[in-house]
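The values are calculated or read from the model by the stated rules, or taken from the named source; none is laboratory data. Treat the numbers as computed from the prediction; the structure is a model and nothing was measured. For neighbour counting, all protein chains shown are included, and Cβ atoms are generated from backbone atoms with ideal geometry for every residue, glycine included. All accessible areas refer to the heavy atoms of the entire protein, side chains included, with ligands and DNA or RNA removed. Shrake-Rupley method; radii C 1.70, N 1.55, O 1.52, S 1.80 Å.
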Amino acid sequence: MNADAVGTPRPRIEGRFKVTGAAHYAADIPVPDLAHGWMMTAPLSRGRIRDIDASTALAMPGVLGVLDHRNAPRLNPKAGNYFGPDGSLRLLQDDVIPYAGWPLALVVAETPEQARAAASAMRVTCDGEPHDLDFTLEHPAARPASTAFGPEADIGDLKAELAASAVVLEERYRTPEESHCAMEPHAATVWWDSDHLYAVDSNQGAFSVSEVLAALWSIDREQVHVRSEHVGGGFGGKGACGPQVVLASMASRRFGRPVRITMTRAQVFETTSSRPRTDQVMTVGADADGRLRAIHHRAAYALSPLSEYIEACTEQAKILYSAPAIRTRLTAVPLDVLPPASMRGPGATPGSFALESAIDEVAERLDVDPLDLRLRNQPTVTPASGKPFSTRRLVSCMREGARRFGWAARDRRPRSRWDGPLLIGSGMATTSFSAGVFPSKASITAEPDGSFTVSIGASDIGTGARTALTAVAADALGAGTERIRIRIGDSDLGMAWGAGGSRGTTSWSFAITEAAKKLRENLHDPVRPMTATVDTTTMIDFQPDRERQTYSAVFAEVTVDPATGEVRVRRLLGMFAVGRVINPLLARSQVVGGMIMGLSMALHEESVRDPRTGRLANGDWAGYHIAAHADVPDIEAGFVPDYEPQDPSGFNGLGEIGTAGTAAAIANAVWHATGTRQRILPIRLDRVLEQTTAVAGEPRGARSYH
Ligand code: MOS
């Protein structure tokens, strides 16, 4: 009997365990004989350690010892990430300080309080060197970014198309450094048993963390066992092996005891990773009738020389619009900064802010409706590559979103609506986000009692992946969800992609579906238990070469107070094309959460650094504002009917599409309200005030607030 689990709204399976405290996280899993590590971090952006005096700290109660570059275990310097050697993991190996927040030493004690007290008694002397934090697209050290995610676009004659354009827009857009801000701070509990390493760690992919730890320690992957059963959010900040698990593994090795490191919020800000600053120039040419002729997207991002990373800001310029000439140039600027990492729709989110703001500005200059302008320039094949699209339901998103939002009633003149003393504006943006699958291994066992055990090294970082995969397995096995037991979050379950790149659920579902197929082929044999195992590596190699993306159209209505510059989002509506939806309840949560992050990016989030030291001036949740309940309006999210033909069940990623288009929609609404463009995020009060008061013209509304 088929339960038809896919398509049914169901709450998270583990929700009860979480709200009752029964779910264990990396920082609270019970382990006997536990010791605690406390990081000491660098107060400056570049320099060398001259001396570390631990004598006072070592004499303090409960202190087991201190690890620093002079005495720490040696790690394999070639261990790396996806792109190659990763210097950000070579912790306590030399005296070089590469960024403010870099771990200088680890104090280990019986309790976290003792370790923290001893850390404050440490005397570290550093020699500062001049650092470079001056980020700009024109920086002399700027170099072409890696093209590991795909080549630059270079079609048509850009110069000629711009020359032939009736309107040419050239504007610059900037986004700040931002911090991931997952609810659960990074933490790890680690122990060794002879030459096997055991870790309970907060990350987005236990298998890949086990691979990195094995490389760092030059041991076999099978000797490393990473468990990450419950993780309190990641947003990309836990996508790679984190410093907490590396340092804890070193301390555990040295002191022969299990060691736990739980970062403070401030340490998460300064020591883990962030979204890099971007500086982007859009040059867009169009005919008077609203045909785009040229799109030139230049984007730069700040990069640490410690490890390669791609902030792929120019991807959507290759995909969203047809134009005879399209050129993209992505540039990395190596600076003395915290190594960046993927964050909440990496690349696409800052990139979309630039592209979709620019398209809105072109519509303004042509005096056409920005939705119409977008509809007029939809491609039939991927503009930059000529590849066919897999599924592209963007127009449906736009039309349905416009209908629900009431877009047709909008007067497109700016500063045309008031509500008492407040200016009202609405805006929209569309976007795409890369989708696909990565290899994973799944095993399913048909148990003697008629139930099924599904094992896959998947991660549920709070998204509901465990619940979604249970439904997928139930459908694939033709069994009710009550007969499915799912095991995830453990590197011993085998190779699997992590919860990242909007590819977790698609990659794992693919493997589970194939394993179920294999099991059912053999199930006529009455012998139970029976296990089928599938590794999707070679199946994925034979996928057709089509452009696989998810799409969204986001509509926003804002109020702007011209007296204070305060922007409030009044309404937010997103329509999404994400393939077939597995669990409408969780899918909605995911995209609504993403839109809130986009709102937060548009209006609030910004890491501010002291230029003299490079240290964060607002590295905590008092100073770094993320959208809270009072900032969030009624949000509506919907899904258009869609089916991804490259997936055996029609699924596509939906992890990050919610975030990507939202900031531009809000910025465009702020323009509509005020008549001035906000090209620098976040749209702070001071920026709005400065720009808005620079515009002549008396408000037509009530002035009673004066
Ligand atoms: Mo996500 S930012 O790709 O972990």
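Annotation for segment 589-644 versus segment 357-379: alpha-carbon center distance of 26 Å. Solvent-accessible area per residue in the chain equals 37 Å², computed with a 1.4 angstrom probe and all protein chains kept.
Quickly rank 247-254, 609-616, 656-663 as a protection proxy: mean count of other C-beta atoms within 10 Å, highest first.
Top to bottom by mean Cβ count within 10 Å: 656-663, 247-254, 609-616.
DSSP beta bridges fully contained in segment 438-539 are about 75 percent antiparallel.
Net length available on complete extension from residue 541 to residue 28 is 180.6 nm, with 0.36 nm assigned per residue and the Cα-Cα distance removed. Within straight-line reach of residue 387, meaning a Cα separation under 22 Å, sit the following lysines at least 8 residues removed in sequence or on another chain: 318. Only lysines eight or more places from residue 18 in sequence, or on another chain, were considered; those with a Cα closer than 21 Å are 238. For the set 629, 131, the ranking by accessible area, highest first and with no ligand, DNA or RNA atoms included, is 629, 131 under a 1.4 Å probe. Hydrodynamic estimate: the Kirkwood radius of segment 378-526 over Cα pairs, inserted into Stokes-Einstein at 20 °C and 1.002 mPa s, corresponds to D of 112 µm²/s.
Sorting 463-472, 46-55 by their mean Cβ neighbour count within 10 Å, with the most densely packed peptide first, gives 463-472, 46-55.
Farthest toward the positive end of the dipole of segment 438-539, out of 463, 529, 443, is the Cα of 463, where the dipole comes from beta carbon charges about the Cα centre.
Ranked by the mean number of other Cβ atoms within 10 Å per residue, highest first, peptides 302-309, 523-530 order as 302-309, 523-530. Our analysis of segment 241-305 gives Rg over Rh at 1.41, with the two radii drawn from alpha carbon positions and Rh computed by the Kirkwood formula.
Over the chain, with every protein chain in place, what whole percent of the accessible area is carbon and sulfur at 1.4 Å, could you tell me?
52
A DSSP coil position with no more than 15 other Cβ atoms inside 10 Å describes the following GluC sites (Glu not before Pro) in segment 114-170: 138. Whole angstrom only: what separates the Cα centroid of segment 232-288 from the Cα centroid of segment 158-190? So the separation of the two Cα centres works out to 19 Å. Most simply put, the chain has about 75% antiparallel DSSP beta bridges, counting only bridges with both residues inside it.
Out of all Cα-Cα pairs in segment 438-539, roughly what percent, to the nearest whole number, are more than 16 Å apart? I get 50 percent for the Cα pairs in segment 438-539 exceeding 16 Å.
With the Kirkwood sum run over all distinct C-alpha pairs, segment 297-437 has a hydrodynamic radius of 17.2 Å. In this calculation the C-beta distance from residue 170 to residue 16 is compared with R0 = 51 Å, giving a FRET efficiency of 0.40. As a calculated quantity, the FRET efficiency between residue 571 and residue 630 at R0 = 22 Å, using C-beta atoms, amounts to about 0.90. Listed by chain and number, the lysines whose C-alpha is less than 18 Å from the C-alpha of residue 517, apart from same-chain residues fewer than 8 away, are 441. If you sort 644, 270 by accessible surface, 1.4 Å probe, largest first, the order is 270, 644. With the biggest extent put first, the Cα atoms of segment 499-637 measure 75, 40, 34 Å across the principal axes.
Rg over Rh of segment 329-396, using C-alpha atoms and the Kirkwood radius, what does it come to?
Ratio of gyration radius to Kirkwood radius: 1.06.
Once you divide the Cα radius of gyration of segment 1-130 by 2.2 N^0.38 Å, the number left is 1.51. Percent of C-alpha pairs per 10 Å bin in the chain, short distances first: 3, 15, 24, 25, 19, 11, 4, 0, 0. Taking each DSSP H run with n ≥ 4 as -39500 (n - 2.57) and averaging over every residue of the chain yields -7000 deg cm²/dmol at 222 nm.
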